[in-house]
Amino acid sequence: MTGRDRLAFLQGMLTNDVKGLQPGQGAPAAFLDAHGKVTVLLVVYATADQVLIELPASLTEKTLQTIDRYLISEKAYFESVDDAFAILSLQGPAARGLLEGLAGGPLDLAPYAHAEVTIGGAPVRVINRAEGPAPGFHCWMPAEHTAAVRSALESAGAMPAGDETLAVLRIEAGQPWYPQDVDDSVILPETRLDALVSYTKGCYIGQETVARVKYRGHVNRALSGLVIEGERVPGEGAQVTVDGKEVGRVTSAVRSIALGRPIALGYVRREHFEPGAAVTVVDGAGEQPARVAALPFVPAPRA
């Protein structure tokens, strides 16, 4: 996104305060519809002359078409660059030290802050983005440099891991993804993603619903953790029941490495929000006892 009004325009679109972002800073946010339902979750990164907006895979064109309807006279211009970048995620306690060794200097970055470095002879934007309980970073690079950067990371000691490992890390950290755990059927307060919202920034699309829940009401359901007492990982979409009555649904589930048992994210009605509340998870393979858990399942280690 370019143009002199780029951040001012986004300020009126998104839930978080992005107008004051300085080059090298970033912030997570949500784009809502007029009723407060979540159109998409995203991250905004500011550079000296543009804004980079990271969206879930395959949602770039749909999101840009929706936002474009609100552009009237602002000097703000969007360009889709899905194919221009590749992203390698480096996660774990040793991630920062490994990257600093390759970059040849310190990377003391706040969450979502970013810096341009050279790794494996390639230009890389390193972003402080933890996907799990431990520290982590995203490495953005021109797509043609992916192999060189991957080789440099692995030569320095990074171990390749796939989507299943990433799913375990992010669910242990209580991080919902769009559209697996959050979609346009839920209003933002139901996601409990308070870090995506500024209550002092002024107006944005969907603000009325978010503010009304915050100051005058409550949600009837919300994203919660579930610890499964059996050994089987329930399927996505499994029912959460109490006394045979459905009180929620599972959205993502894995076997936790840290806890040694199945865990899940899902929406649960407010009568059962309390951590430790007993529920039953039901899918096509049968029933399993479970308990509601506070998020994250695995807290981040102290610095």
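The table that follows gives values for the structure above.
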read-out	value
Number of the condition not met by residue 225 [criteria: (1) under 21 Å from residue 112 (Cα atoms); (2) surrounded by 16 or more Cβ atoms within 10 Å (Cβ to Cβ); (3) touching a Phe, Trp or Tyr at 6+ places or on another chain (Cβ under 9 Å)]	(1)
For residue 154: the one exception among (1) closer than 28 Å to residue 29 by Cβ; (2) modelled with pLDDT of 95 or more; (3) surrounded by fewer than 19 Cβ atoms within 10 Å (Cβ to Cβ)	(1)
Per-region count, the stretch 144-160, residues assigned to a loop (DSSP other than H, G, I, E, B) and either at positive phi or touching a residue at least 60 places away in the same chain (Cβ under 8 Å) (or both)	2
Among residues of the stretch 253-268, those that are buried (at least 18 other Cβ atoms within 10 Å of the Cβ) and not aliphatic (A, V, I, L, M), counted	4
Which numbered condition residue 260 misses (of (1) free of Cβ contacts under 8 Å to residues at least 24 places away in the same chain; (2) under 22 Å from residue 180 (Cα atoms))	(2)
Residue that is nearest to residue 189 (Cα to Cα) [pool: residues in the stretch 270-284 that are surrounded by 12 or more Cβ atoms within 10 Å (Cβ to Cβ) and of a type outside the set (D, E, K, R)]	273
Conditions (1) at pLDDT below 95; (2) out of contact with any Asp or Glu (no Cβ under 8 Å at 6 or more places or on another chain); (3) surrounded by 19 or more Cβ atoms within 10 Å (Cβ to Cβ): number failed by residue 181	(1)
Residue list for the stretch 20-61, restricted to those being basic (Lys, Arg) and over 25 Å from residue 223 (Cα atoms)	none
Unmet criterion (only one of (1) more than 30 Å from residue 67 (Cα to Cα); (2) in contact with a Gly (Cβ under 7 Å, 6 or more places away or on another chain); (3) loosely packed, with under 14 Cβ neighbours inside 10 Å; (4) not small (Gly, Ala, Ser)) for residue 297	(3)
Selected residue (only one of 29, 8, 76, 84 is modelled with pLDDT of 95 or more and surrounded by fewer than 16 Cβ atoms within 10 Å (Cβ to Cβ))	8
Criterion: surrounded by 15 or more Cβ atoms within 10 Å (Cβ to Cβ), over 30 Å from residue 17 (Cβ atoms) and touching a strand residue (DSSP E or B) at 6+ places or on another chain (Cβ under 9 Å) - qualifying residue of 240, 219	240
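The values are calculated or read from the model by the stated rules, or taken from the named source; none is laboratory data. This structure is a prediction, so every number in the text was calculated from the model and none was measured. A quick note on method: Cβ atoms are made from the backbone with ideal geometry, for glycine too, and the neighbour counts reach across all protein chains shown.
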